[in-house]
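What follows is a set of notes on a single structure, which appears directly below.
The values are calculated or read from the model by the stated rules, or taken from the named source; none is laboratory data. Because the structure is a prediction, the values reported are computed rather than measured. Backbone-built Cβ (ideal geometry, glycine too); neighbour counts: all protein chains shown. Accessible surface is based on the protein model in full, side chains and every heavy atom, while ligands, DNA and RNA are left aside. Shrake-Rupley method; radii C 1.70, N 1.55, O 1.52, S 1.80 Å.
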Amino acid sequence: MPHPALVPGNVAVVTGGASGIGLACAKRFAALGLKVCIADVGGERLEAAAEALASVAPGGTADVMASATDVGDREALAALERSVAERFGGTDVLMNNAGIQPGSALFGPVENWERVLRVNLWGVIHGTQVFVPGMVAREKPGLVINTGSKQGITTPPGDPAYNVSKAGVKVFTEALQHELRNLGSAQVTAALLIPGFVFTPLAAGGRTEKPAGAWTAEQTADFMLQKLEAGDFYILCPDNDVPRELDEKRILWAAGDITDNRPPLSRWHPDYAEAFAAHLKA
Ligand code: NAD
């Protein structure tokens, strides 16, 4: 059974949808028969992505929308929400996925910190606050997927602004799920996508070939769909062939480090007590 919000005729909005993980997920949603809007910084890349989406959407271009929208601009997101409602009737699936990783230093330029937090964290907060009330009001199954990162959990040294932004996305998404559960009647749920190393322009670092340890964006999208179907909140992508005991540095990044050593939920999550008890018993 697919996730109840991922059904033909429903409407999905994917930010950062012109590339990488966002585009791969948008294509999967379109292939499932959803109407899909991708929002990204404008330009030819966005147009090309919309064409690629239309080629997999059963309804073709009629079921695809592309919008030049900066997720750091709340007004732009509000305009996007309205135009999706006008074109497709409303939003059922929101994937707050746009992200940047230009690198940062703890005492580096403040503009750099602001830029990263504006897109990676404020983009998720704005997107959620702008879209979710309308999604709840639809009184049908809905889904919010926020793209976090293992770096927001394991927080390895080297890029503190990115880590802070992704730790914020994790905490915000847990709080969102808590809020949605407490609404009682709401049929909207949240999930946190936690990719590891995915070979996309964001993480390629000048490489032209996918390193063996990296996932493809398509693999990530397929894994996400599988875990959404299973009803998972934390969609934690396992690492490819990481020799944990041999590679001290990679241990910082490894999924096992998250699942083995920590209770997986924040203490404020509705499932925390149960998960914590299981963790103590293990
Ligand atoms: P990507 O660069 O291929 O895609 C990110 C997209 O976000 C781009 O199309 C970019 O134009 C868009 N974007 C950037 N700023 C924007 C803005 N202000 N408004 C709207 N769109 C904007 O990279 P990706 O790897 O597919 O990244 C997708 C998400 O996955 C990001 O949030 C990233 O942090 C996260 N992530 C990626 C990896 C990885 O290894 N690639 C790992 C963990 C998490």
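Checked against the criterion of being touching an Asp or Glu at 6+ places or on another chain (Cβ under 6 Å), open to solvent by less than 20 Å² (accessible area, probe 1.4 Å), within 24 Å of Val13 (Cβ to Cβ) and touching a residue at least 24 places away in the same chain (Cβ under 8 Å), the stretch 159-178 has no qualifying residue.
Consider the stretch 159-203 and keep the residues that are part of a strand (DSSP E or B) and near the ligand (Cβ under 8 Å from one of its atoms). The one that is modelled with the highest pLDDT is Leu193.
Looking at the structure I just gave you, is Glu44 crowded, with 17+ Cβ neighbours inside 10 Å and either within 12 Å of the ligand (Cβ to nearest atom) or assigned by TED's automatic domain parsing to the domain that holds Ile194 (or both)? Taking the combined requirement at face value, the residue does not satisfy it. For the structure I just gave you, tell me whether Val93 is under 19 Å from Leu23 (Cα atoms) and of a type in the set (Val, Ile, Thr). Yes, satisfied. Reported count of residues in the stretch 228-257, each being open to solvent by less than 60 Å² (accessible area, probe 1.4 Å), part of a helix (DSSP H, G or I) and at pLDDT 90 or above, is 1. Residues that are more than 16 Å from the ligand (Cβ to nearest atom) and touching a Cys at 6+ places or on another chain (Cβ under 9 Å) number at least 2 in none of the helices (runs of 4 or more DSSP H) confined to the stretch 102-158.
Only one entry in Ala18, Ala49, Ala66 is in contact with an Asp or Glu (Cβ under 7 Å, 6 or more places away or on another chain) and near the ligand (Cβ under 9 Å from one of its atoms), namely Ala18.
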